[in-house]
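As structure tokens, the structure follows; a few thoughts come after it.
The values are calculated or read from the model by the stated rules, or taken from the named source; none is laboratory data. All values reported here derive from a predicted model rather than from experimental measurement. All Cβ positions, glycine included, derive from the backbone under ideal geometry; neighbour counts span all protein chains shown.
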Amino acid sequence: MRSLLFVPGDSARKLEKGLTSGADVLLIDLEDSVALSAKEEARRVTAEFLNQQRTKAERPRLLVRVNGLTTGLIDADLDDVMQAGPDGIVLPKTVGGADVAHLGAKLAVREAEFGLADGATRILAIATENAAGVFALGTFAGASHRLMGMTWGGEDLSADLGAETNRGADGMYTDPYRLARSLTLLGAAAAGVDAVDSVFTNFRDMAGLEAECREARRDGFVAKMAIHPAQVPIINEAFTPTPDAIQWAQAVIEAFRANPGAGVVGVDGEMLDRPHLLRAERLLRRAGTHRSGLSGNPDRPHRRHDN
């Protein structure tokens, strides 16, 4: 996955529009973009949309952002949307691996109840929306086999910190948010899952978005969240490996294949070792996924039966 587009769960029109955005993942939102009075309607609209789309051969992955574990709303969210078999659940305000394990237990119960394959529903954790979450970023390894990725958010974190803003006059994140971003990247690597960069809130500033995408890809993020369909093409282009990068990766892999006992090989005049091989293998895996297109969630087990 490269692009993950937020879409309000209470708007059937916007959900349909999201399908044509080119996003690899739709993040159907029951949390921040839905007023408290509209939560019940959002659950109904979301479940109906999932039921319509889940069996289609060519579609983005469909993840639902539920309300957090401490809100008193998450069980109603899961009761309504899990019967429609989403590809995954996005957990906001996650505080460490314990919260992921807690959600995993809730999902297991509902998978059994609704006839879904055990472990079918993946988890994407938004892991830095409060200070406690930042301090828990090293606790995700082994928390759940469902965990597919970790991402971070600077907007809720700035509210938790009481900050006036999370970006400086130059448009760049200030130190607390750069720290949260970096620790998310490290936490995801330690947990062995994808690191997804946060949203770029100025949806009219395409040059700023492109620059932030380049920096995220450079540092090790493999995808970025979007708040507007116009952002999706820029994100997809930024996180799609270029032909030159693919050629480099193939050359590295071929060099190691030709010298199976070597710890270091030479490629285009550069001495490369095993970390370069791992980087090349990861790049080709991502390139293969993007070239083949999306058919729902390729990692998702089949249902045992339909209800």
Of all residues in region 16-38 being over 18 Å from the mean Cα position of the chain (by Cα) and part of a helix (DSSP H, G or I), the one that is surrounded by the most Cβ atoms within 10 Å (Cβ to Cβ): Ala38
field: Qualifying positions in region 122-145 - farther than 17 Å from Leu186 by Cβ, crowded, with 16+ Cβ neighbours inside 10 Å and free of Cβ contacts under 8 Å to residues at least 60 places away in the same chain
entry: Ile123, Glu129, Asn130, Ser144
statement: Reported set for region 69-111 where residues are farther than 15 Å from Ala42 by Cβ, within 21 Å of the chain's Cα centre (by Cα) and not aliphatic (A, V, I, L, M) is Gly85, Asp87, Gly88, Lys93, Thr94, Gly96, Gly97, Asp99, His102, Gly104, Lys106
Selected residue [in contact with a Ser or Thr (Cβ under 7 Å, 6 or more places away or on another chain), in the same structural domain as Gly192 (by TED's automatic domain parsing) and on the phi > 0 side of the Ramachandran plot] from Gly85, Gly133, Gly96: Gly96
task: Consider Asp32 carefully, then state whether it is at pLDDT below 95 and in the same structural domain as Ile227 (by TED's automatic domain parsing).
output: yes
statement: If you go through Ala42, Ala47, Ala112, the only one that is surrounded by fewer than 17 Cβ atoms within 10 Å (Cβ to Cβ) and hydrophobic (A, V, I, L, M, F, W, C) is Ala112
query: Only one of (1) free of Cβ contacts under 8 Å to residues at least 12 places away in the same chain; (2) out of contact with any Gly (no Cβ under 9 Å at 6 or more places or on another chain) is not met by Ala108, so which one is it?
result: (2)
- prompt: Of everything in region 57-72 that's under 15 Å from Val25 (Cβ atoms) and assigned to a loop (DSSP other than H, G, I, E, B), which residue is modelled with the highest pLDDT?
  reply: Pro60
statement: Of the listed residues (Asp80, Asp99, Asp75), the one being buried (at least 23 other Cβ atoms within 10 Å of the Cβ), of a type outside the set (Lys, Arg) and part of a helix (DSSP H, G or I) is Asp99
- prompt: Out of all the residues in region 76-85, is one or more within 21 Å of Met1 (Cα to Cα) and in contact with a Lys or Arg (Cβ under 8 Å, 6 or more places away or on another chain)?
  reply: yes
message: Can you tell me how many residues within region 235-268 are in a strand (DSSP E or B) and under 27 Å from Ser3 (Cβ atoms)?
response: 0
- line: Residue pairs qualifying under the 6 Å Cβ cut-off, at least six apart or on distinct chains, with the first in region 18-37 being over 17 Å from Leu91 (Cβ atoms) and the second being crowded, with 17+ Cβ neighbours inside 10 Å and charged (D, E, K, R), are Asp24/Arg2
- prompt: Would you pick out the residues in region 46-72 that are more than 24 Å from Met1 (Cβ to Cβ) and touching a helix residue (DSSP H, G or I) at 6+ places or on another chain (Cβ under 7 Å)?
  reply: Leu69
task: Just give me the residues in region 192-222 being touching a residue at least 40 places away in the same chain (Cβ under 8 Å) and out of contact with any Phe, Trp or Tyr (no Cβ under 6 Å at 6 or more places or on another chain), in sequence order.
output: Gly192, Val193, Asp194, Val196, Val199, Thr201, Val222
statement: Taking region 271-300 and the residues there that are out of contact with any Asp or Glu (no Cβ under 8 Å at 6 or more places or on another chain) and part of a loop (DSSP other than H, G, I, E, B), the one that is modelled with the highest pLDDT would be Asp299
- request: Could you pull out every one of the strands (runs of 3 or more DSSP E) wholly within region 113-230 that has 1 or more residues that are more than 14 Å from the chain's Cα centre (by Cα) and within 26 Å of Pro86 (Cα to Cα)?
  value: none
field: Where a residue in region 261-276 is closer than 18 Å to Ile246 by Cβ and its partner, wherever it lies, is surrounded by 10 or more Cβ atoms within 10 Å (Cβ to Cβ) and of a type in the set (Val, Ile, Thr), with Cβ under 7 Å and at least six apart
entry: Val267/Val252; Leu272/Val252; Leu272/Val264; Leu272/Val265; His276/Val252
